[in-house]
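Remarks on the structure that follows.
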Amino acid sequence: MSELPDSWTVLPIGEVNQFTGSTLNPATRPDEIFELYSVPSFPTGSPERLRGSAIGSTKQTVLPGDVLISKINPRINRVWTVGPKGSEVQIASSEWIGFRSGAVQPAFANYYFKSPDFREILCSEVAGVGGSLTRAQPKRVIEYPIPIAPAAEQTRIANQLETLLARIQSCNDRFDAIPALLKRFRQAVYAAATTGPWEPSTIGAISVDLRYGTSKKCDYIPTGTGVLRIPNIAEQGRIDVTDLKRAEFDANELQKLALMEGDLLVIRSNGSVELVGKTGLVTEKESGLLFAGYLMRLRVDRTMAVPAFIQLCLSAPLQREYIERTAKSTSGVNNLNAEELRSLPLLLPPLSEQTEIVRRAKALLALADRIEARANAARTQAQRLSPLVLAKAFRGELVQQDPQDEPASALLERIVSQRTAPTAKKQPRTPRQTRASRAPKEAAAVTKSRQDEDVKGKPYLADHLRRLGVPTTAEALFKASELPIADFYKQLAWEVAQGHIADGGTTLEARHAAG
């Protein structure tokens, strides 16, 4: 984690997490209504309200403000904050890792757990075979770092993120609407281009050849003749030869199936009915190539029709409706045969008018393509904004620091003192062994500060480790450092990130000599 403002601190999540959800079996209270935070209901933004009899397994109780991190397939960014308490008991499935802390506000924590830094760590140590079967590991999550800003700054950051992310989402929503608008625009162009007071005709009447392609197996080989397939029929009627397979053919096959400039390739069979009837117009570049069996070659009588105009007709809404109705099948494979294509009706203007229509339609469709390309580029940039803003927020760069804010270290020390204050009813707890990445809990002499010249920006802790001469626990290093606990952890996080110290899980070790 990069250098943070001096008023911030960094601790393992387990050191500040006070979440203690108890287990509850709703089936033992079958008639009671529960407010259930389940992973399937997360996309709706609202918990389910179910009777105990309808909930099939034991759950964990949660409280308002608890932040829930989904364990299931953590590559899907699912973080949920429990809402205000109503009359129902609030519960959550065991697929959530709960977080509750007096040092970290719920909104601040929620945004941090959605941030790129945290998601990257979370996804790097999943268990399971892949996809929806992967799980985050709670025993590892408690060791991940969480940056803690002063309480007042946490509020400012959360408020600013709420405003900025809402604006970014609004922008992305507008970009998401553009494809549908462009689709309607293109359909309007096709419809206008192919309707008018013209002579009725059919595809069969204007074709001189209509045939299926080769059934020969093709492959990625350096020799032979290229064969166009369904993947080569690109958007907006173009042909893309980037992914081209080949096969060897005899002279008779080449004569029958070789393509000429102006031929139309029509998809005749596909699992998606929207692709059936989709066309590609052969240019001089594809002349001489052959075509596969799931395509039909339509060769137009040039004395009657302009090939590009017929392509417009095959893309027009009325003809598309006819094609999809004719081709649709319940078997899973939709087909359009040669006779069905020949019977497709169309209106045929004079050749000169067809040429002018094609010119104008091409200009409008090219305009739509340019708008689409620019919108896609802008949308890609907009989609990067949320992660960038979140990353900036948790580097302490989103809002200004206020010198009047109480430092996070003071808040943490107050919370620690409240936890460790003796009470008449509780017996002292036996100290547990501390991992290197866990916060030291023992008192230490405090004579140094992270602002001292020999500490800040220097491998101060690494130098202590070299003097100790052996891999050392965080407890021992903390005692030797003479730093306050907050300064110690901030300095330790920095030195680990800079490569001065290797964190072995239970011990720390200096990596290389000080520079």
Given a cut-off of under 8 Å on Cα pairs at least six residues apart, what relative contact order in percent is computed for the stretch 204-249? 43
Non-local residues with an amide H under 5 Å from the amide H of Asp263, with H modelled 1.01 Å from N and Pro and chain starts lacking one, are Val282
Work out from phi, with θ = phi - 60° and the Karplus expression 6.51 cos²θ - 1.76 cosθ + 1.60, the ³J(HN,Hα) of each residue of the stretch 202-219, listed in order in whole Hz, and give x for Gly and Pro. 9, 4, x, 5, 9, 9, 10, 7, 9, 8, 7, x, 6, 9, 5, 5, 10, 8
Tell me, what is a quarter of the convex hull surface for the C-alpha atoms of the stretch 212-284, in nm² with one decimal? 5.2
Just from the alpha-carbon atoms, what are the Rg and Dmax of the stretch 1-103 in angstroms? 15.5, 53
Sorting Asn335, Ser352, Leu318 by the position of each Cα along the dipole of the stretch 312-406 (Lys, Arg +1; Asp, Glu -1; all at Cβ), the one nearest the positive end of that ordering is Ser352
Return the whole-Å distance between the Cα centroid of the stretch 88-116 and the Cα centroid of the stretch 313-381. 50
Estimated translational D of the stretch 254-333 in µm²/s (Stokes, Kirkwood radius over Cα pairs; 37 °C; 0.692 mPa s): 245
Quick one: what do you get for the stretch 335-394 if you divide its Cα Rg by 2.2 N^0.38 Å? 2.14
Label assignment, Kirkwood radius over Cα pairs in Å derived from the structure, set (i) 28.2; (ii) 29.0; (iii) 24.0: (ii)
DSSP-loop trypsin sites (Lys or Arg not before Pro) across the stretch 184-232, with at most 10 other Cβ within 10 angstrom: Lys217
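Which value results for Rg/Rh of the stretch 119-176 when Rg is the Cα radius of gyration and Rh the Kirkwood radius based on the inverse mean 1/r?
With Rh from the inverse mean 1/r over Cα pairs, Rg/Rh is 1.14.
State the extension gain, in nm to one decimal, for the chain segment bounded by Asp209 and Arg384, taking 0.36 nm per residue of separation less the distance between their alpha-carbons.
This chain segment gains 58.0 nm when fully extended.
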In nm, what is the difference between 0.36 nm times the number of residues separating Ala234 and Arg140 and their Cα-Cα distance? 29.2 nm
Which residue, chosen from Thr507, Ala149, Thr202, occupies the Cα position most advanced towards the positive end of the dipole of the chain, where the dipole is computed from +1 (Lys, Arg) and -1 (Asp, Glu) charges on Cβ about the Cα centre? Thr507
Report, in debye and to the nearest 20, how large the dipole of the stretch 1-112 comes out about its Cα centre when Lys and Arg carry +1 and Asp and Glu carry -1 on their Cβ. 300
Which of Lys392/Lys479; Lys71/Lys458; Lys139/Lys448; Lys59/Lys114; Lys59/Lys490 exceed 28 Å between C-alpha atoms? The answer is Lys392/Lys479; Lys71/Lys458; Lys139/Lys448; Lys59/Lys490
Rounding to the nearest 20 debye, state how big the charge dipole of the chain is about its Cα centre with +1 on each Lys and Arg Cβ and -1 on each Asp and Glu Cβ. 760
Scaled by the rule-of-thumb 2.2 N^0.38 Å, the alpha carbon Rg for the stretch 213-365 gives a ratio of 1.05
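Just so you know, all these numbers are worked out from the coordinates, no wet-lab data involved. Note that the coordinates shown come from a computational prediction; the quantities given were computed from them, not determined experimentally. We place every Cβ from the backbone using ideal geometry, glycine too, and count neighbours over all the protein chains shown.
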